[in-house]
Amino acid sequence: MKSSFSTRAVAFLASAALLAVTACSAGSGTSSGSSPGANQNLAIGLVAEPASLDFTTTDGAAIPQALLGNVYETLVKQDDSGKIVPSLAKSWTVSPDRKTYTFDLVDNAKFSNDKQFTAADAVFSINRVKSAWTISLKGAMDVVSAAKALSPTQLQVTLAKPSNDWLFRMTTRIGAMFSESGVSALATTPIGTGPFKFSKWNRGDSIVLVRNDGYWGSKPFFQQITLKYFKDPTALNNALLTGTINVVGTVQAPEALSQFTSNDKYQVIEGTTNGEVLLSFNNSRPVFKDVRTRQAIRQAIDHKALLDTCFAGRGKLIGSMVPPTDPWYEDLTGVAPYDLVKAKSLLQASGAAGKTLRLRLPTLPYATSCGQVVKSQLEQAGLKVQIDQLEFPAAWLTTVFKNADYDMSIIAHVEPRDLGAVFNPKYYTRYDDPTLQGYLTAADTGDEAAQVDNLKKAARRISEQAAGDWLFLLPNLMVADKNIKGLPTNAITENFDLSKLAR
């Protein structure tokens with residue numbers, strides 16, 4: 001906001017997302033796994049259209065969801081289990097002091113502007129994160145002290161200190177590889193080395209990607225994929241029912257799943273995500289500086305009832321900013337159990353009882369429905385809640401994310417391993433806690449055991465201090481035509497890998 005935004009955002013599911021468009025007739029080309037005359041066009045329905053196509057200067061999860069891994073590639077990527085595996089770097093070594101990484105690059109990758117990808121492009125891309133990027137995620141590259149091309153196919157990166165996090169972050173958007181001659185119009189014309197090329201963006205409707213037939217790796221099955229964006233979950237579902245799209249990329253109305261599960265024309269995918277649906281607090285506001293107020297809000301919310309009401313019971317209660325797919329996950333739902341009597345007492349003790357809090361919600365279906373439940377439950381505890389709806393992404397990103405003009409909000413943060421990015425004084429949560437920062441630093445610089453131990457402490461710290469309230473973890477819910485293959489069970493990365501899809 002998840003955002004992943006962060007851009008983090010969020011979201012933003014951020015996320016999250018949905019794609020779609022009218023299914024097209026058979027393409028003329030063929031690729032591995034396809035046959036002449038097969039329908040090689042696909043339409044995917046999503047939500048949260050990007051505000052721009054430039055994720056170097058624009059926050060939001062919708063941009064990397066569409067472009068990362070599909071148009072832009074990284075040196076390394078995550079596989080379906082979360083393991084870091086080769087991509088544009090076919091192998092790498094790490095020095096004994098854990099500060100120098102040497103990458104051996106593939107020698108046959110080209111950008112869609114026909115420029116050869118070399119180690120010089122990797123140096124340019126890494127340095128540009130530090131010099132030209134403006135989104136908050138850029139900070140993950142600060143640990144790099146030098147990047148150098150040893151040859152056209154060998155890259156050396158030196159860190160100022162050991163970092164467990166840096167290589168992982170290179171699988172995310174900050175690790176995207178750019179051509180120096182292709183960054184003049186990132187907001188409208190992405191140029192990358194990926195299996196797809198950007199074709200067109202019909203603003204307010206869809207993004208079209210076409211197969212890169214000169215791709216250095218395995219060619220995708222589909223010749224064209226259209227990502228179509230819907231603001232209304234009913235319209236999204238109807239688009240699949242009428243054959244306008246082939247895949248609902250993110251189910252926004254899980255209570256309506258029965259219309260698909262009872263029909264053998266469709267398949268339903270259900271797994272997990274990184275999308276922590278956060279009731280965020282503006283910790284710079286006086287009312288939230290008292291930990292008792294924050295704890296009261298957490299204990300005033302009946303999370304199971306909320307999940308049942310606003311997301312049909314789909315998803316998982318987690319209690320902090322770590323999904324079960326991370327090695328340091330612990331179930332922390334017991335830290336702040338639902339207790340209305342205690343919540344009322346805490347609000348009286350902190351002096352917040354009777355105060356009005358502004359809950360500024362993005363126009364995303366899950367946020368709108370869950371916001372009504374949060375308002376009702378907090379008012380039962382003695383607070384007054386004013387709900388404002390902000391158009392997403394533009395208005396929400398400007399008002400809440402950039403300017404922190406809010407008391408509370410609700411957004412799904414979908415970026416992987418985003419605890420430290422979301423809970424810091426520079427982020428929209430404005431959360432400043434030296435103890436937390438100490439745990440995060442120790443986790444990044446220590447060995448593997450220290451990383452797990454300190455990130456567990458960090459997760460427990462923000463839960464006990466009620467830095468926010470984690471309403472639930474979004475499920476990965478997708479519905480598709482029965483004959484679509486390669487859909488992910490779990491969505492644990494920033495991108496939607498379209499290259500694995502087939503018919």
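Values computed for the structure shown
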| quantity | calculated |
| --- | --- |
| Average accessible area per residue (Å²) across the chain - probe 1.4 Å, nucleic acids and ligands excluded | 36 |
| Rg/Rg_globular for region 162-242, with Rg_globular taken as 2.2 N^0.38 Å and Rg from C-alpha atoms | 1.41 |
| Carbon and sulfur %, accessible surface of the chain computed with the full protein complex present, 1.4 Å | 48 |
| Spatially proximal lysines relative to LYS148 (Cα-Cα < 18 Å; intrachain offsets below 8 disregarded) | LYS90, LYS99, LYS130, LYS161 |
| GLU270, GLU73, reordered so the largest accessible area comes first (probe 1.4 Å) | GLU270, GLU73 |
| Computed Rg/Rh of the chain, alpha carbon atoms with Kirkwood Rh | 0.97 |
| Principal axis dimensions, region 414-453 - Cα atoms, whole angstrom, descending | 30, 24, 12 |
| Extent along principal axes [Cα atoms of region 104-184; Å; largest to smallest] | 34, 26, 18 |
| Heavy-atom SASA rank of GLU276, GLU448 (probe 1.4 Å, accessible area, largest first) | GLU448, GLU276 |
| Translational diffusion of region 275-402, µm² s⁻¹ [Kirkwood Rh, Cα pairs; Stokes-Einstein; 4 °C; 1.567 mPa s] | 84 |
| Mean projected area (nm²) of the alpha-carbon convex hull when region 331-398 is viewed from all directions | 5.7 |
| Shape call, region 351-439: gyration tensor on alpha carbons, a/c limit 1.5 | oblate |
| Over region 320-363 - Rg/Rh using Cα atoms and the Kirkwood inverse-distance radius | 1.13 |
| Solvent exposure ordering (accessible area, 1.4 Å, most first) of TRP166, TRP201 | TRP201, TRP166 |
| In Å², nearest 10: area of THR356 left accessible to a 1.4 Å probe | 80 |
| Over 23 Å (Cα to Cα) - which of LYS110/LYS228; LYS316/LYS402; LYS228/LYS500; LYS115/LYS138; LYS228/LYS316; LYS344/LYS375 fall in this group | LYS110/LYS228; LYS316/LYS402; LYS115/LYS138; LYS228/LYS316 |
| 14 Å Cα-Cα reach of LYS231 towards aspartates and glutamates, excluding residues that sit fewer than 8 places from it in its own chain | GLU49, ASP205, GLU391 |
| Rg over Rh, two decimals, region 223-351 (C-alpha only, Kirkwood Rh) | 1.09 |
| Neighbour cut-off at most 14 other Cβ (10 Å), DSSP loop, trypsin sites (Lys or Arg not before Pro), region 378-481 | LYS426 |
| Reduced Cα scattering model of region 415-491, Debye log10 I(q)/I(0), q = 0.14, 0.17, 0.28 Å⁻¹ | -0.59, -0.74, -1.35 |
| Convex hull per residue volume in Å³, alpha carbons only, for region 70-134 | 135 |
| Rounded accessible area of PHE111 (nearest 10 Å², 1.4 Å probe) | 10 |
| Selection from THR325, PRO50, LEU455, by position along the positive dipole direction of the chain (Cβ) | PRO50 |
| Among ALA352, LEU167, LEU240 the positive-end extreme of the charge dipole of the chain (Cβ point charges) | ALA352 |
| Within region 175-219, trypsin sites (Lys or Arg not before Pro) in DSSP loop having at most 13 other beta-carbon neighbours inside 10 Å | ARG203 |
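The values are calculated or read from the model by the stated rules, or taken from the named source; none is laboratory data. Just so we're clear, the structure is a prediction, and the values are computed from it rather than from any experiment. All Cβ positions, even for glycine, are placed from backbone atoms using ideal geometry, and neighbour counts span all protein chains on display. We work out accessible area using only protein heavy atoms, side chains counted, and drop any ligands, DNA or RNA first. Shrake-Rupley method; radii C 1.70, N 1.55, O 1.52, S 1.80 Å.
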